[in-house]
Every structure is written in structure tokens, then in C-alpha cells.
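Encoded as C-alpha cells, the structure appears first; notes follow it.
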Number of protein chains: 2
Amino acid sequence: MTGTYVDDLSVAGQAISLRSLVADRLRQAIVTGRFPPGSQLRERELCELTGVSRPSLREAFRILEAEGLIATAPHRGPVVTAMTVDEVGHLYALRRLLETFAAREFARRRRPEDIVALKRAVKRLDEIEATGSPFELLEAGTTYYSAIAAGSGNPYLAQALGTLHNRIKLIRFISLQKEGRAQGIESLRILGDAIVAGDEEGAERIVSEHLDRIAVLARAIVESGYALPSEPAVTI
Amino acid sequence: MTGTYVDDLSVAGQAISLRSLVADRLRQAIVTGRFPPGSQLRERELCELTGVSRPSLREAFRILEAEGLIATAPHRGPVVTAMTVDEVGHLYALRRLLETFAAREFARRRRPEDIVALKRAVKRLDEIEATGSPFELLEAGTTYYSAIAAGSGNPYLAQALGTLHNRIKLIRFISLQKEGRAQGIESLRILGDAIVAGDEEGAERIVSEHLDRIAVLARAIVESGYALPSEPAVTI
DNA sequence: TACAAGTTTTTTGTATGACAAGCTGGTCAT
DNA sequence: ATGACCAGCTTGTCATACAAAAAACTTGTA
């Protein structure tokens, strides 16, 4: 009867604990710019916003700290991490290494369920390419990258890539609002084709070139202090 | 006057907080086998052992959980992570990807201070190769790998490699007690030479071959349930 | 004896209140 | 204006409490 039922009946990947819920919410708030890089997170304030007690909030802080989203200075509390231009370069260098490997592995393995997930992600991107909001595009892109990571079949690689993506999600979000939104969707489409076709070299090359392109944009965004074009930089 | 003074005057990298001290101690205990894979970590017990309160201990748990050293099931508390044979394969595949990249980057950049640290690490390995205890060899090896990671110049890569190494440190420790201790030190020596000489291809090749070799040993150790040869497997 | 159901005990998850330590910003004197 | 000092606030840590869930134990039954 195996195969009749889904393999995994777990509702949420992790059990529902308050700390993980809080961590999820805070992560979302950080990567979408509600708490911009450099801003302080005060316990009092966040306890009221989230409705949880200090211990639970502080445990959530430790999770986000380990992910690199916040940095905690002693007796000064957590601050949302801000990257320098050099750090963005390093981050994208590592992302390139991991993502080219993931794409190549995906093209080599091609597990059916991973292929299905990938095609679904591409389809979703196609659907909202014209009509979708930047936020919808952001989430669709995240789904796509997760599909690539999962398709590698390597859970450690997938986790490392997930962490990396969280660190650059805000940059992607700004980029989507700044540049023409369809910036790199074409690349994702042809990458999907290459993977489905089992073209390892092609997949690796496409990822490589794609990342080299958007790394330039990312660098520019950090250089301008994570600023959107609409909101003028604070000069006083 | 730049260059006359050291760039970084910070005394301790991280501030001394109880949670980080506790996390350090627990990490050390886990990776040296005091809490073997699969063992449960009870709050009560560890509060007494460490002398800290439950909130501080729980914050330390979240740090170790994010590092993948423990896994927490709801209402059952943290358990020291045990890898399957497949997972070891994935872990070493990722390690190979990251470490070859680090070695290559190191050989390309060759910053003087990194070279000094590397030479010092090799020297230390040479000194204790014959006389040192397995634990000393373990720590010397860790220092060596940290030097490689730091030499890449990429902090994100270094962090990812550090996390990976924590996850396999116990396997290395068992391996050092099991096999002839000088197992792979020769490889580390010639890798150091290649990096110092700026031989990128050579460095990458040496790391690759070295990791392929020890991955086999790691797989065997996990297959046997992290068992040392001296202590017989529990069969009843 | 073996087994199953129910109950007690233990452990985790979370909240509250408390207090020391250290940072921040303002005030005051020079 | 500069520097020292002080009040207020925030974080770091602890002790305690209690609900909920799991684990262990007891008890009754076949």
C-alpha cells in the first residue's frame, strides 16, 4: 500500500512551538524590510507585538542569530545584520558555488517529484510575471530556489542555501521593486529546461551566468544602503 | 600610520554571555562523545551540571539546534543528532565542495597572516603526530581546518565549514582512536605546501582526494553506530 | 504470566516577577 | 564647549509557577 498515501503526514515541518512561530514571523519581517538592516530589536517592544513572553522571544532571537539575520552586542540587544559591499561579494561567491552544484546535481538525479516541483515553480513564475506584485514575485522566486535546492537531493546543501537565501531575500525584494521586475525570470525558465533535459553542463553554466549578473545588482543595492529608488536617501 | 597598529582591537570575538559559554561547553561535550548521538539532553540534569538556569540553558539549546548538533522533538526535548550513512555521504559531498573551493581560494589569495597561521597549524600537527593524544590530534586538526577556512577570505564560507566540521568532529575523533592516528596528516602537509606555493589546481586535487579517502572511513564509522573498536557493540 | 487500560510522575513549554549589570542620554560644573 | 556625573532604560540572568504532554508505573483482567 506504500505509495497510496503521502510519505510525510507531518503538518508543519517543525512542531508548532511558540519560539519557532515567533522566529518565523520575525524572519519574515526582517527579510521584507519591516525591520531594515541596522535597526535595533527591543525585547519589550517585540514582546508586545508578538504577544509572547521574554524567554520565548529570546529563544527566537538565538535562532535568528544563528542564521545570521541578527547580531547581538552585549547589553545592547539584537540588531538586524547589515552587509558591506565586500560581504555581498563573498555571499554571492558562496551562493554561486552552492547553487551551481545544486543545479548540476539536480540535472544529474532528476527525481520525478523534484521535477514536478520545479515545473510548478516555473509555472507560478510565468503566471505572475506580468500581473503579480513584487511580494508575490519574491515568494515565487523563493519557491523556485527552494525547488532547486531540494532537487539536489542533499539536505545539508539545501539548508545552507536556504540560510543564504534568507540573508539576501531583502536585497532581492528591493531589486524586484527597483529594476524591471522580469529581470531574470527568463534565466530561471531556461535553467528549468536544462535541468529537465539532464544537461548538467548547461545548468551549471546558466546558473553561473545568472548569478554573475544579479550579483552586480545586489552589490549596487547594498552600496546605496538598501535604499529603494522611491525613498530618497537620508542625507541629514 | 595604518599598519603600525593591529586592525582589530576587540578582545573577545563574542561577548561573554552565559548562553554562549554553555553552548560552547555542550558543543564540546557532544563532539567529543560525552553525549553520544541519540542521547537525550534533560534540562534538569544539564542545569545542575552547568550551574545555569533553565532560560539560559534553553537559549544554548537553540544555538546548538541551529547548528544541527541537536534536534528537538516537541515535549521530548533535545536529542543529539545521529547521522545515517546516506547523510554522511551528503555531508562529505558538501564538505568536499566547500573545502576544495576554500583551498583553491587560499592558494590564489595567499594573505601573509593566513599563511603564517597555516604553517603554524602544520607545525603543530607535526609535533604531536607521534606523541600526542587523540584529543590533541583532534584539536590540532580542527585548528588546521580553521586555518584553511579562514585563508579563503570568505567569512560565510568559513562559517559554513565550521558548522560542517562540528557535525563530523565526533567521527574524526573516533577515527583518530580507531585507525592509525597518522591517517591523513601527510595529505595536510602537502596541501599546505601546495597552498603556500600558490598551486590552485594542486590544492584542489589534494583536498579532493583526501576527502574521498576519509569519507569512506567516516561512512564506516557511522555504519557501525559511532562505535569505538574497544567498546563492543551492545547486542542485547 | 501476559497484556491492556488507567493513573501517577516526570519533563517540557511558557509565563511572570525580580534584580544586577551595563548602556544611553541628559545635566551640571568647569 | 568639554568633561564628569547621574538618572532612566534595556538587557542578562535567575527563581518560581503552572499547563500540557510524554513516560513510567500500577492495577485489573484474561
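Residues whose amide H falls under 5 Å from that of A:F35, counting only those 5 or more places apart or on a different chain, are A:I30, with hydrogens built in the peptide plane. Sorted shortest first, the distances from the A:D126 label point to those of the same residue in the other copies are 6.2 nm; each point sits 7 Å from Cα along Cα-to-Cβ. Plugging the Kirkwood radius over Cα pairs into Stokes-Einstein for region A:16-131, at a temperature of 25 °C and a viscosity of 0.890 mPa s, what D comes out in µm²/s? Once the numbers are plugged in, D ends up at 144 µm²/s. Taking the helices alone, chain B has a mean residue ellipticity at 222 nm of -23000 deg cm²/dmol, built from -39,500 (n - 2.57) per DSSP H run of at least 4 residues and averaged over all its residues. Seen from B:G202, the other residues with C-beta closer than 10 Å to its C-beta sum to a net charge of -3, counting Lys and Arg as +1 and Asp and Glu as -1.
The residues neighbouring B:L46, those whose beta-carbon lies less than 12 Å from its own, together hold a net charge of +3 under the Lys/Arg +1, Asp/Glu -1 convention.
The distance between label points at B:V196 and A:E43 comes to 5.0 nm (points 7 Å beyond Cα on the Cα→Cβ vector). Hey, what angle do you get for helix B:54-67 against the long axis of chain B, alpha-carbon based, 0 to 90 degrees rounded to 10? Once rounded, one gets 50 degrees.
Candidates B:A102, B:G89, B:I128 compared by Cα position along the dipole of chain B: farthest toward the positive end lies B:G89, with charges placed on Cβ. A Cβ-based charge dipole, computed about the Cα centre of chain B with Lys and Arg at +1 and Asp and Glu at -1, lands at about 520 debye. Rounded to the nearest whole Hz, the Karplus-based 3J(HN,Hα) values (6.51 cos²θ - 1.76 cosθ + 1.60, θ = phi - 60°) of region A:86-94 follow the sequence 4, 5, 4, x, 5, 4, 6, 5, 5, with x at glycine and proline.
Rounded to the nearest 20 debye, the dipole magnitude of region B:18-80 is 80 debye, with +1 charges on Lys and Arg beta carbons, -1 on Asp and Glu beta carbons, and the Cα centre as origin. Extension gain, B:R54 to B:V116, is 18.1 nm, computed as 0.36 nm per intervening residue step minus the present C-alpha separation.
Between copies, A:S224 shows label-point distances of 6.0 nm, shortest first, with the point placed 7 angstrom from Cα along Cα to C-beta. Roughly what angle does helix A:185-196 make with the longest principal axis of chain A, taking Cα atoms, 0 to 90 degrees, to the nearest 10? Relative to chain A, helix A:185-196 is tipped by roughly 50 degrees. For A:I70, nonlocal amide neighbours, meaning residues 5 or more places apart or on other chains whose placed amide H falls under 5 Å from its own, are A:E65, A:T81. Our estimate of slack between A:F135 and A:A71, defined as 0.36 nm per intervening residue step minus the Cα-Cα distance, is 20.5 nm.
The label point for A:E87 and the one for A:E223, both projected 7 Å from the Cα toward the Cβ, are 1.9 nm apart. Modelled this way, with points 7 Å down the Cα-to-C-beta line, the labels at B:A29 and A:E186 are 5.8 nm from one another. For B:P36, the point set 7 Å out from Cα toward Cβ sits 5.5 nm from its twins in the other copies, listed from shortest up.
Placing unit charges on the Cβ atoms only, positive for Lys and Arg and negative for Asp and Glu, gives the protein assembly as shown a dipole magnitude near 960 debye about its Cα centre.
A short reminder: the numbers here are calculations on the coordinates, not readings from a lab. These numbers come from a predicted model, not from an experiment. All Cβ positions, glycine included, derive from the backbone under ideal geometry; neighbour counts span all protein chains shown.
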